[in-house]
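**Q** I have a structure here, written as structure tokens, and I will follow up with some questions on it.
The values are calculated or read from the model by the stated rules, or taken from the named source; none is laboratory data. Keep in mind it's a predicted model, so treat the numbers as computed, not measured. Backbone-built Cβ (ideal geometry, glycine too); neighbour counts: all protein chains shown.
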Amino acid sequence: MATVTINGKEYNPETLSNEAKEKLMIAQFCDRKIVDLKADLIIAQIARNSVVEQLQALASVETNGKSNTTAKQAGPFKTDSSAGRVTNRKAAGKKK
């Protein structure tokens, strides 16, 4: 007999009311969704880090005086290396 643990207490799903079973299914769905979203976030962070590294490489080629048309497309953006954020230079200079 499988049991379900809710906040440290075990329950037998077969003894739950239909409404409780429905809430259990919703909670389990939410748990799976949270796991999926965390995995998606990790993938997005990895992809973003890769793109920022490529952007930094292109930008450093441009600032070293070498002509690279792809690097010039980086435009008015800068990377805040302490936080790993890419910001618009014009927006970064404005005070709120």
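**Q** Can you name every one of the helices (runs of 4 or more DSSP H) wholly within the chain that holds 1 or more residues which are of a type in the set (V, I, T) and at pLDDT 90 or above? Spell out the reasoning first.
**A** Details: elements: 18-63, 69-72, 89-93.
Hits in the chain: 18-63.
Quick grid of which residues meet (1) free of Cβ contacts under 8 Å to residues at least 24 places away in the same chain; (2) surrounded by fewer than 10 Cβ atoms within 10 Å (Cβ to Cβ):
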position: T5; (1), (2): yes, yes
position: Y11; (1), (2): yes, no
position: E19; (1), (2): yes, yes
position: A27; (1), (2): yes, no
position: A39; (1), (2): yes, no
position: V52; (1), (2): no, no
position: A57; (1), (2): yes, no
